[in-house]
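Here is the structure we will look at, set down as structure tokens.
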Amino acid sequence: MHDRTRELESLDLYFETKNYGNTMASIKERKDKEGKTHFHVQVRIKGHPPQYASFKRETDAKRWIQNTESAIREGRHFKTTEAKKHTLGELIDRYIQSVLPNKKKSGNFSITRGRAVG
């Protein structure tokens, strides 16, 4: 067997796939040039973009799969790139405009952008 063929075979030593209805997750075990093992994970759920991550331990990879799948199904998962597009200031402005007007007024406390007055 050629050295290059052996090298390619050693890249994909482990591949596990689980499929539950609209969900599919896979774990691939890879070894780098130094011989260190890494686990590359992919979670795919119909109607959502695939999510990827890498871990040093298989148990961390499996835990991430479970957490990511449940977060996506429950609507708690946000892509990191999308989350980075918004600032805390924008969140505060949105809260002041859409949530506070519906709150029950209590005392002489009011909020203006940048400071609380009471």
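The table for this structure:
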item: Residue match in the stretch 49-68 (condition: part of a loop (DSSP other than H, G, I, E, B), modelled with pLDDT under 90 and closer than 23 Å to Ser26 by Cβ); result: yes
item: Qualifying residue in the stretch 103-114 (condition: surrounded by 10 or more Cβ atoms within 10 Å (Cβ to Cβ) and either at pLDDT 80 or above or assigned to a helix (DSSP H, G or I) (or both)); result: no
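The values are calculated or read from the model by the stated rules, or taken from the named source; none is laboratory data. Note that the structure is a prediction, hence the values are computed from the model and not measured. Using ideal geometry, Cβ is built from the backbone for each residue, glycine included, and neighbour counts are taken over all protein chains shown.
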